1. May I ask you to verify whether residue 51 is surrounded by 12 or more Cβ atoms within 10 Å (Cβ to Cβ), farther than 14 Å from residue 9 by Cβ and modelled with pLDDT under 85?
2. For residues that are in a strand (DSSP E or B) and more than 14 Å from the chain's Cα centre (by Cα), tally how many sit in the range 8-55.
3. Could you list, ordered by first residue, the pairs with Cβ atoms under 7 Å in which the first is in the range 15-42 and free of Cβ contacts under 8 Å to residues at least 60 places away in the same chain and at positive phi and the second is surrounded by 10 or more Cβ atoms within 10 Å (Cβ to Cβ) and outside any loop (DSSP other than H, G, I, E, B), at least 6 apart or interchain?
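The values are calculated or read from the model by the stated rules, or taken from the named source; none is laboratory data. Note that the structure is predicted; figures quoted are calculated from it, not measured. All Cβ positions, even for glycine, are placed from backbone atoms using ideal geometry, and neighbour counts span all protein chains on display.
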């Protein structure tokens with residue numbers, strides 16, 4: 001089960017208007033962060049999911065993004 005999620009700085013931002021290329025030349029764009037997932041045995045409730053690394057992108061908040069959809 002997913003237990004922790006964090007972000008690490010990657011290669012830096014690449015906008016769709018100026019993408020980077022992977023090893024085979026395919027274009028990609030990124031906000032510059034890499035997500036890191038920690039998996040543990042046993043059940044982990046969504047409200048027990050933890051964040052780490054302290055490099056959470058400004059545009060994302062784990063606390064609001066994991067709230068149940070009320071619709």
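1. On the way: surrounded by 12 or more Cβ atoms within 10 Å (Cβ to Cβ): yes; farther than 14 Å from residue 9 by Cβ: yes; modelled with pLDDT under 85: yes.
Taking the combined requirement at face value, the residue satisfies it.
2. In the first step, residues of the range 8-55 are kept if they are in a strand (DSSP E or B); the result is 8-9, 14, 20-21, 27-28, 30, 33-39, 50-52.
Filter once more, so that each one left must be more than 14 Å from the chain's Cα centre (by Cα): 14, 20-21, 27-28, 39.
Of the residues in the range 8-55, 6 are in a strand (DSSP E or B) and more than 14 Å from the chain's Cα centre (by Cα).
3. So the pair list comes out as 32/9.
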